[in-house]
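**Q** Sharing a structure here in structure tokens format.
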């Protein structure tokens, strides 16, 4: 927390909530700490991602990037600090001066506003591409929105598959698709609930090099759509293209954050510089 | 690290480009003489040249020992078949006479009824026990564990006799508020627990204990990422279990589950201790009267074989159903294979052969 050199505008959650219209997808992470046993993997992270913003988190493996991402949709419970989306706390409810832990049902509702794309796709292998996309809209209870009928979900699913360029593979099972295609289906699946925020956990790390770009192109398109994106990646060229904020993490802390230009070409911290000197060179030589 | 990365990146193109340069030189050099020598030189020289083997005759590899092994096994099988057919003590006539006798068929139906009811109830209860065991509640976990522990560590025979003799332990069974005199329901245990009830109770509870572990194993075999993805999508817990996890767990559950069901078919024979007239007890009653012990045991055995065979066919198709998406393309079923074979070999008589192939 103290090491964050450029803490973004620190709007308190309460103030943000007053401006409901313009704050679709504001993510505020405040002093978040997380322990796995005795190891502290997040040491007080404070980070704000503006609505429609694209934040790319980079850093060495084991730096807590993925854990941070997973705390945002409450897949990991934080041990201290809090996370708010458009001023609403994730996983807790404020009643008076107390924080009440939400029940699973309520948390599920919150999660429908936050899409997540995993490194290993995690598509449901026994369902077709289309069924993967339509499952959640049909069954997941959503805040303020009705569940879709099967026909509606199907129409919407085909539309989303079309958007990721896979309309003609709607009936295919995940194992019949290439890695890149599977990840694009996974992105369509995450989009099916019209989330305010999309989390990408190393979306291209499990892909063959020639398949990386088809996935990155889809994410580039999404970056223009006004959905807030938080992306953990090792693709530095992509990060430079797409991010409006780059966050460098190491050992559970945010070392520095800023625009891609600031972070990639003119990092202030020695640790940032040394990390980029290892990973950026190959990417920029191409 | 940064200092080492750069030289590697720089040095890498050099050998690569050297390789590319040398390749065009050697490749045509090798190809040109090879192409010339092949037609001119001896036919066997094929190391460098790309000889066209298209018009060579293909000789399949020979496996003489396979033929020897096949012959030995065939002789053995023939010997067994011969002795079964010719040894008069098998008394096939008696077997045939009793095989479809009314009493045997009635016993068979009882066996099927017991298997179906205790199998279905056992697996439903087992599923609930498995979910309990995997739940976050320590109480549910220990209740489930204790259940499996008790029913797996006592002999089925003892369980059966205990249930049947429950009336000795508890004369009346009642439902009401504990520690008060309020009773909603009360009955004599002996009228409540008939032979059938004791049999179903014993088989179901025993089956549940085993199937709970099978289902739990299946659920554990599903990748954690599947649950995570479903959770992240806001899919409700029950739906996650039934729609996402269970269909995938089925692939691991089914082979063992069918083992259990097949075991249960024969396991029902244990209810003879309750003098319940299922297949095995019926057979016993008959041979005690007629003294044709072996032929009648054979009758029962043959029926068990028939049931198991039918179940195996079910197993094949159910497993196939659940392998959807797990394999890129499903293998052909025997029926489809037969059709394909017949379609290729006897196009003229296809319709009738297909009929035969079906049965």
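**Q** For the stretch A:127-142, what are the residues that are within 7 Å of chain B (Cβ to nearest Cβ) and either within 16 Å of residue A:71 (Cα to Cα) or surrounded by 24 or more Cβ atoms within 10 Å (Cβ to Cβ) (or both)?
**A** Passing the criteria: only A:136.
**Q** Taking the condition more than 14 Å from chain B (Cβ to nearest Cβ) and at positive phi, does residue A:86 pass?
**A** yes
**Q** So residue A:174 ticks every box in (1) free of Cβ contacts under 8 Å to residues at least 12 places away in the same chain; (2) in contact with a helix residue (DSSP H, G or I) (Cβ under 9 Å, 6 or more places away or on another chain); (3) within 13 Å of chain B (Cβ to nearest Cβ) but one. Which box is left unticked?
**A** Of the numbered conditions (1) free of Cβ contacts under 8 Å to residues at least 12 places away in the same chain; (2) in contact with a helix residue (DSSP H, G or I) (Cβ under 9 Å, 6 or more places away or on another chain); (3) within 13 Å of chain B (Cβ to nearest Cβ), the odd one out for residue A:174 is (1).
**Q** Residues of the stretch A:32-85 being in contact with a helix residue (DSSP H, G or I) (Cβ under 7 Å, 6 or more places away or on another chain), in a loop (DSSP other than H, G, I, E, B) and farther than 21 Å from residue A:198 by Cβ, which ones?
**A** Selection gives A:60 alone.
**Q** For the stretch A:205-215: of the residues being surrounded by fewer than 21 Cβ atoms within 10 Å (Cβ to Cβ) and in a helix (DSSP H, G or I), which is nearest to the other protein chains (Cβ to nearest Cβ)?
**A** A:209
**Q** Within the stretch A:184-204, count every residue that is more than 20 Å from residue A:152 (Cα to Cα), in contact with a strand residue (DSSP E or B) (Cβ under 7 Å, 6 or more places away or on another chain) and in a helix (DSSP H, G or I).
**A** The number of residues fulfilling the criteria is 0.
**Q** Kindly list the number of the only condition in (1) surrounded by fewer than 10 Cβ atoms within 10 Å (Cβ to Cβ); (2) at pLDDT 95 or above; (3) touching a helix residue (DSSP H, G or I) at 6+ places or on another chain (Cβ under 8 Å) that fails for residue B:143.
**A** (1)
**Q** Are any of the residues in the stretch A:240-256 over 15 Å from the mean Cα position of the chain (by Cα) and surrounded by fewer than 19 Cβ atoms within 10 Å (Cβ to Cβ)?
**A** For the stretch A:240-256, residues over 15 Å from the mean Cα position of the chain (by Cα) and surrounded by fewer than 19 Cβ atoms within 10 Å (Cβ to Cβ): present.
**Q** Go through (1) more than 24 Å from residue A:226 (Cβ to Cβ); (2) buried (at least 19 other Cβ atoms within 10 Å of the Cβ); (3) within 14 Å of another protein chain (Cβ to nearest Cβ) for residue A:104 and report which single condition fails.
**A** In the conditions (1) more than 24 Å from residue A:226 (Cβ to Cβ); (2) buried (at least 19 other Cβ atoms within 10 Å of the Cβ); (3) within 14 Å of another protein chain (Cβ to nearest Cβ), residue A:104 misses (2) alone.
Quick grid of which residues meet (1) away from every other protein chain (no Cβ under 13 Å); (2) surrounded by fewer than 18 Cβ atoms within 10 Å (Cβ to Cβ); (3) at pLDDT 90 or above; (4) within 26 Å of residue B:135 (Cβ to Cβ):
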| position | (1), (2), (3), (4) |
| --- | --- |
| B:232 | no, no, yes, yes |
| B:238 | no, yes, no, yes |
| B:241 | no, no, no, yes |
| B:248 | no, no, yes, yes |
| B:260 | yes, no, yes, yes |
| B:265 | yes, no, yes, no |
| B:272 | yes, no, no, no |
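**Q** Just to be sure before I move on: is residue B:255 modelled with pLDDT under 90, more than 10 Å from every other protein chain (Cβ to nearest Cβ) and over 27 Å from residue B:196 (Cα atoms) in the structure I sent?
**A** When the stated conditions are applied, residue B:255 does not pass them.
**Q** Further question on the same structure: Check B:113, B:172 and return the single one that is closer than 29 Å to residue B:294 by Cα and without any contact (Cβ under 8 Å) to a residue 60 or more places away in the chain.
**A** Step by step, each of B:113, B:172 is checked, and only B:113 is closer than 29 Å to residue B:294 by Cα and without any contact (Cβ under 8 Å) to a residue 60 or more places away in the chain.
**Q** Any idea which of B:333, B:329 is within 14 Å of chain A (Cβ to nearest Cβ) and either more than 16 Å from the chain's Cα centre (by Cα) or touching a residue at least 12 places away in the same chain (Cβ under 8 Å) (or both)?
**A** On inspection, the qualifying residue turns out to be B:329.
**Q** Let me ask you something else. Pull up the stretch A:107-126, narrow it to residues that are over 24 Å from residue A:24 (Cβ atoms) and more than 7 Å from chain B (Cβ to nearest Cβ), then point me to the one that is surrounded by the fewest Cβ atoms within 10 Å (Cβ to Cβ).
**A** Per the criteria, the residue is A:119.
The values are calculated or read from the model by the stated rules, or taken from the named source; none is laboratory data. What you see is a predicted model, and the numbers here were worked out from it, not measured in a lab. Here Cβ is always computed from backbone atoms with ideal geometry, including for glycine, and neighbour counts include all displayed protein chains.
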